[in-house]
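The values are calculated or read from the model by the stated rules, or taken from the named source; none is laboratory data. Just so it is clear, the model here is predicted, and its values are computed rather than measured. Reconstructed Cβ throughout: ideal geometry from the backbone, glycine too, with neighbour counts over all protein chains shown. Calculation scope for accessible area: heavy atoms of the full protein, side chains included, ligands and nucleic acids excluded. Shrake-Rupley method; radii C 1.70, N 1.55, O 1.52, S 1.80 Å.
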Amino acid sequence: MFHLGVLLDEDGRQKGAEAWFRRAAEAGDTDAMVDLGAFLDEDGRSAVNLNLMWDKAKRVEEAEAWYRRAAAAGNTRAMFHLGVLLDEDGRGGEAEPWYRGAAEAGDTRAMFHLGVLLDDEGRGEEADVWYRQVAETENADTDLGVLLDEPDRLEQADTWYREVAEAEDADTDLGALLKKADRVEEAEAWYRQVAEVPDPGAGIGVLLEEADRGEEAEARCRRAAESGDTVAMRNLVFLLKGAGRVKEAEAWCRRAVESGDTVALRNLVVLLKEAGRFEEAEAWILCAMS
């Protein structure tokens, strides 16, 4: 039900999407509660017509209620989203325990937002503890990389990534950080260093593609994909699709789905939709529901 809601939302059929999110949520699916909450929250905060402000505010209240229900059931995504909602409403004191609960459960986004909240309250030492934990987790670039928007913290973020990466000898997050800072040569050098440990393929593959070195990018991603790396398979799909080789892209996407990659399932649905094969796309979603 949840994935069908996602499919309908991506197809611009928001009313149908909300109905399926709600059905899944009412059936007890906490992930659906979170996504329904996000749907309601975004819609509620987009109000521009003063005559609709009351109804919009009620949708934000409903979003909070769904987040609380899922958070109470232990869903860490719900804890994070509830923290964000409260934080944006100026209720930082209420947000902190929810951020902390999600952070202690391993949610790096919550760790980062908790760090920002503590920073804003002048509790810098506590904030640094959480920033460092973000830096020491996998895929930290998606969270700590936000520090690149704050020039005064760029050097600190860079230092943390280097400490962690050099200690583990095979961390590719530093490459992502350098790439975001437009330090492409340093990023490539780091990816190549990691590539010997063995070759992870995906990170440097995308970097090379962006540098108009498509053949080398494809070779890197293909090698990692053939070893069973589903992230590399997804990146290879991106490269092949960009080159107009849609059939090959679909084949690799299916292979990633068959390996249990749920992100690849969404990508496959998008590929099928773009090809006008909507019924086939819906069938994949229904199959996943069964």
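With θ set to phi - 60°, apply the Karplus curve 6.51 cos²θ - 1.76 cosθ + 1.60 along region 16-28 and write out the HN-Hα couplings as whole Hz, x wherever there is a Gly or Pro.
3J(HN,Hα) across region 16-28, in whole Hz: x, 4, 4, 4, 6, 4, 5, 4, 5, 5, 5, 7, x.
Could you work out what % of the accessible surface of region 229-290 is carbon and sulfur, using a 1.4 angstrom probe and leaving DNA, RNA and ligands out of the count? Please report the intermediate quantities before stating the final value.
Details: 1830 of 3330 Å².
Its accessible area is 55 percent carbon and sulfur atoms.
Taking 0.36 nm per residue of separation and subtracting the Cα-Cα distance, what length does fully extending ALA243 through GLU10 add? Before the final figure, lay out the partial values.
Numbers: separation 233, 0.36 × 233 = 83.88 nm, distance 2.35 nm.
So the chain would gain 81.5 nm between ALA243 and GLU10.
Quote to one decimal, in nm, the extra length available between SER227 and GLU125 on full extension: 0.36 nm per residue of separation minus the C-alpha distance between them.
32.5 nm
Which cross-chain or sequence-distant (5 or more) residues have an amide H under 5 Å from the amide H of ASP107, H modelled 1.01 Å from N in plane?
Correct list: empty.
Using Cα centres only, tell me the gap between region 84-132 and region 250-284 in whole Å.
36
By the scheme Lys and Arg +1, Asp and Glu -1, what is the net charge of all other residues having a beta-carbon under 10 Å from that of ARG77? Please report the intermediate quantities before stating the final value.
On the way: positive: ARG109; negative: ASP31, ASP35, ASP107.
The answer is -2.
Within region 63-80, what residues put their amide N at less than 19 Å from the label point 7 Å along the Cα-to-Cβ vector of GLU26?
63-70
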